[in-house]
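A.B. asks: Shown below is the structure under consideration.
The values are calculated or read from the model by the stated rules, or taken from the named source; none is laboratory data. As the structure is a prediction and not an experimental result, all values here were calculated from the model. Here the Cβ is made from the backbone with ideal geometry for all residues, glycine too, and neighbour counts use every protein chain on show. SASA here: full protein model, heavy atoms, side chains in, ligands and nucleic acids out. Shrake-Rupley method; radii C 1.70, N 1.55, O 1.52, S 1.80 Å.
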Amino acid sequence: MEFYIIPDEEALSKCAWCHSHINDHMEVLGLGVKLRPDVDLFEYESHCIQIGLVSEEKSVFMMVTGQGSQAKNEGKDGMFLVCSKRCGVKLKSALEKEISLGKMFKTFWFE
């Protein structure tokens, strides 16, 4: 699987699923993920990356949690921001497929 670091501003201002603009006045939802033990994103910690979902042939933005962060301490290796429940449900479905294919994710949380 290939990963690309993208500017934080880009990832934090766009929905991970539909890539629509997110502004400071919008409510956003988050999905946290735990990576499979064989997936090492150490070099990407505290960065936003673009990843390709095999099940959807689609790229999404993910924030890789950093050591000592609250999210990392809660067991989350990555976080996705979505602009709506609709996008969250679609991303959730795609992540379930990725898990069933044995790809990079072990589990996820929809918050």
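A.B. asks: Considering only region 62-74, how many residues are assigned to a strand (DSSP E or B) and among the β-branched types (Val, Ile, Thr)?
C.D. replies: Total meeting the criteria: 1.
A.B. asks: Restricting to region 52-61, count the residues that are closer than 12 Å to LEU95 by Cα, in a strand (DSSP E or B) and hydrophobic (A, V, I, L, M, F, W, C).
C.D. replies: 2
A.B. asks: Failed condition for LYS106, given (1) within 18 Å of PHE3 (Cα to Cα); (2) modelled with pLDDT under 90; (3) open to solvent by less than 80 Å² (accessible area, probe 1.4 Å); (4) not in a loop (DSSP other than H, G, I, E, B), with all others met?
C.D. replies: (3)
A.B. asks: Out of the residues in region 45-94 that are in contact with a strand residue (DSSP E or B) (Cβ under 9 Å, 6 or more places away or on another chain) and without any contact (Cβ under 8 Å) to a residue 12 or more places away in the chain, state the one that is most open to solvent (accessible area, probe 1.4 Å).
C.D. replies: Among those residues, the one meeting the criterion is VAL89.
A.B. asks: Next question. Starting from residues that are in a strand (DSSP E or B) and out of contact with any helix residue (DSSP H, G or I) (no Cβ under 9 Å at 6 or more places or on another chain), keep the ones in region 8-44 and report whichever is least open to solvent (accessible area, probe 1.4 Å).
C.D. replies: Only one residue fits best here, namely LEU35.
A.B. asks: Can you say whether GLU2 is in contact with a helix residue (DSSP H, G or I) (Cβ under 8 Å, 6 or more places away or on another chain), surrounded by fewer than 17 Cβ atoms within 10 Å (Cβ to Cβ), in contact (Cβ under 8 Å) with a residue 12 or more places away in the chain and under 24 Å from LEU101 (Cα atoms), as far as the supplied structure shows?
C.D. replies: It is false that GLU2 is in contact with a helix residue (DSSP H, G or I) (Cβ under 8 Å, 6 or more places away or on another chain), surrounded by fewer than 17 Cβ atoms within 10 Å (Cβ to Cβ), in contact (Cβ under 8 Å) with a residue 12 or more places away in the chain and under 24 Å from LEU101 (Cα atoms).
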